[in-house]
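Working notes for the structure below.
The values are calculated or read from the model by the stated rules, or taken from the named source; none is laboratory data. Just so it is clear, the structure is predicted and the values come from calculations on it, not from any experiment. Methodologically, a virtual Cβ is constructed for each residue, glycine included, from the backbone with ideal geometry; neighbour enumeration extends over all protein chains shown.
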Amino acid sequence: MAYLNMDLTDTQSGLGFGPVPAGEYQAWIIDSELTRSQSELLMLNLAWQIMSGEHLGRQVFDRAMLEGSDKAVIFGKRKIKTIAEAVGHANPNRVNDTEELHGRPCLITVA
């Protein structure tokens, strides 16, 4: 148990648990992890956090396939490069560690 002694009088309740509505949001990557899909294909999972507005603090999840069909891998690599460019990575042609993309604001589109 954690004793808070916190006055929440001026605080609205709930972040909401439904999907974040479609639109554009200022966000940054807060977590990334290499995992395997159900069919054992390598993929990168990303967790974005919205930085402002009505949905401040909400998270959006995304993934990029790194194994599988040529089309899926090309799409996954394009996604990673696009993110690297959007967050201002020093060399978006070479991402060594996903940590290089964390905590760097950019505009994301939720569809």
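One table, with the values for the structure above:
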item: Ser52 being of a type in the set (Ser, Thr, Tyr), closer than 21 Å to Ala111 by Cβ and either surrounded by 14 or more Cβ atoms within 10 Å (Cβ to Cβ) or touching an Asp or Glu at 6+ places or on another chain (Cβ under 6 Å) (or both); result: no
item: Single condition Glu85 does not satisfy, out of (1) within 18 Å of Glu24 (Cβ to Cβ); (2) of a type in the set (D, E, K, R); (3) in contact (Cβ under 8 Å) with a residue 12 or more places away in the chain; result: (3)
item: Filter result for the condition that a residue is within 14 Å of Thr109 (Cα to Cα), among the aliphatic types (A, V, I, L, M), at pLDDT 95 or above and exposed (fewer than 14 other Cβ atoms within 10 Å of the Cβ), over Ala27, Ala22, Ala86; result: Ala22
